[in-house]
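Single-structure report; data block below.
The values are calculated or read from the model by the stated rules, or taken from the named source; none is laboratory data. From a predicted model like this one, the values you see are computed outputs, not experimental measurements. Cβ atoms come from the backbone with ideal geometry, glycine included; neighbour counts cover every protein chain shown. Only protein heavy atoms, including side chains, enter the accessible area calculation; ligands, DNA and RNA are left aside. Shrake-Rupley method; radii C 1.70, N 1.55, O 1.52, S 1.80 Å.
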Amino acid sequence: MNDSIAQSLRLDGKTAIVTGALGIIGKKICYGLAEMGAQVAVVDLDRTKAELFSIELANQYHVKTVGIACNVADPVQVEKMVKTAVDSLGQVNILHNNAAGKSSDLDAFFAPFEEYTLEQWREIMSVNLDGVFLVAKEVGKQMIKQGIGGSIIQTASIYGIMGPDHRIYEGSEYNGKPISSPAVYSASKGGVVALTKYLSTYWASHGIRVNTVTPGGVESGQNEEFQRRYSSRIPLGRMASAQDMVGAVLYLASDASRYVTGHNLIVDGGLHAW
């Protein structure tokens, strides 16, 4: 094993799958992986956009890429997605299990807990937790088949490990709509943390490391009032940018973290430390 720290952070010769690759965080992660030399399978719902973004990555960083459409809540599509990635890029060494659902009905998504419907709960869980399970299962099987280990990084949320301060949502909006943080989101992301810990011990004998990245609040369309209220709760005094997550994921993807598994790397500006 090369002991050069700089070299251990490089990902040359490795292949990464990123789900939710067209999202705010996903795109930044894809750029980072490609910059460090990894081949990248860009996975999201829209085939055309995924393919176009994969071409952009290939042209900018001179790595091999592929764009794949996949609904991670569909086991048939997930199985096909992993096969396509392997057929196109040769293997899979890294998974950023990052896809999360956006509700088809924001009023139902932000409804009070006492009025929350089971249908809305299941819609979010089908992607945020079931999808993480399905993708991890198929990628894990492939990594075991390859016999060379691998790194799986799963995206959770600060509200998967602590309750939200509901006071910060007074007068807060997202893209012009009043917002809150629904219980289903916390429950799904808490499940991701627990699943990560389980898989880290379950697959350790295969050399597969499984870790979680837990972002704090990321700037993504919230109004000024929300940003002010949220930032006042953060020791570092601001919301996160998507770029703030890249270093954490690249570290966990690389050999620099070769002795790290079952860990939840919290990237929240210190919120959990208050």
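Out of (1) touching a residue at least 60 places away in the same chain (Cβ under 8 Å); (2) open to solvent by 60 Å² or more (accessible area, probe 1.4 Å); (3) part of a helix (DSSP H, G or I), the odd one out for Val78 is which?
Unmet for Val78, out of (1) touching a residue at least 60 places away in the same chain (Cβ under 8 Å); (2) open to solvent by 60 Å² or more (accessible area, probe 1.4 Å); (3) part of a helix (DSSP H, G or I): (2).
Kindly indicate whether any position in segment 216-226 is more than 30 Å from Lys141 (Cα to Cα), open to solvent by 10 Å² or more (accessible area, probe 1.4 Å), acidic (Asp, Glu) and free of Cβ contacts under 8 Å to residues at least 12 places away in the same chain.
There is at least one residue in segment 216-226 that is more than 30 Å from Lys141 (Cα to Cα), open to solvent by 10 Å² or more (accessible area, probe 1.4 Å), acidic (Asp, Glu) and free of Cβ contacts under 8 Å to residues at least 12 places away in the same chain.
Just to be sure I understand the filter: pairs with C-beta atoms under 6 Å, separated by 6 or more residues or on different chains, first member in segment 1-22 and open to solvent by less than 10 Å² (accessible area, probe 1.4 Å), second member assigned to a helix (DSSP H, G or I) and modelled with pLDDT of 95 or more. Which pairs pass?
Thr15/Leu89; Ala16/Leu33; Ile17/Ala85; Val18/Gly26; Val18/Ile29; Val18/Cys30; Thr19/Val135; Ala21/Cys30
Given Leu195, Leu265, Leu236, which one is assigned to a strand (DSSP E or B), of a type in the set (A, V, I, L, M, F, W, C) and surrounded by fewer than 21 Cβ atoms within 10 Å (Cβ to Cβ)?
Of the residues listed, the single one that is assigned to a strand (DSSP E or B), of a type in the set (A, V, I, L, M, F, W, C) and surrounded by fewer than 21 Cβ atoms within 10 Å (Cβ to Cβ) is Leu265.
So for segment 104-117 (the condition being modelled with pLDDT under 95 and in contact with a strand residue (DSSP E or B) (Cβ under 8 Å, 6 or more places away or on another chain)), does at least one residue qualify?
Checked segment 104-117: at least one residue is modelled with pLDDT under 95 and in contact with a strand residue (DSSP E or B) (Cβ under 8 Å, 6 or more places away or on another chain).
In this structure, is Ile124 at pLDDT 95 or above, under 20 Å from the mean Cα position of the chain (by Cα) and either surrounded by fewer than 20 Cβ atoms within 10 Å (Cβ to Cβ) or part of a helix (DSSP H, G or I) (or both)?
yes
Would you please list the contacts, defined by Cβ atoms under 7 Å and residues six or more apart or on different chains, that run from a residue in segment 60-74 that is touching a residue at least 24 places away in the same chain (Cβ under 8 Å) to a residue that is open to solvent by less than 30 Å² (accessible area, probe 1.4 Å) and in a loop (DSSP other than H, G, I, E, B)?
Val63/Gly37; Val63/Ala38; Val72/Ala99
Quick one: would you say Val249 is in a helix (DSSP H, G or I) and buried (at least 22 other Cβ atoms within 10 Å of the Cβ)?
yes
Which residue, of Gly160, Gly150, is touching a Gly at 6+ places or on another chain (Cβ under 7 Å) and within 30 Å of Ser200 (Cα to Cα)?
Gly160
Output yes when any residue across segment 158-173 is under 14 Å from the mean Cα position of the chain (by Cα), closer than 19 Å to Asn71 by Cα and buried (at least 20 other Cβ atoms within 10 Å of the Cβ), and no when none is.
The answer is no, given that none of the residues of segment 158-173 is under 14 Å from the mean Cα position of the chain (by Cα), closer than 19 Å to Asn71 by Cα and buried (at least 20 other Cβ atoms within 10 Å of the Cβ).
How many residues are open to solvent by 40 Å² or more (accessible area, probe 1.4 Å) and over 17 Å from Ala50 (Cα atoms) if we restrict to segment 88-115?
Let us first name the residues in segment 88-115 that are open to solvent by 40 Å² or more (accessible area, probe 1.4 Å), namely 90-91, 100, 102, 104-107, 110, 112-115.
If we keep only those that are over 17 Å from Ala50 (Cα atoms) as well, we get 90-91, 102, 104-107, 110, 112-115.
Within segment 88-115, residues that are open to solvent by 40 Å² or more (accessible area, probe 1.4 Å) and over 17 Å from Ala50 (Cα atoms) number 12.
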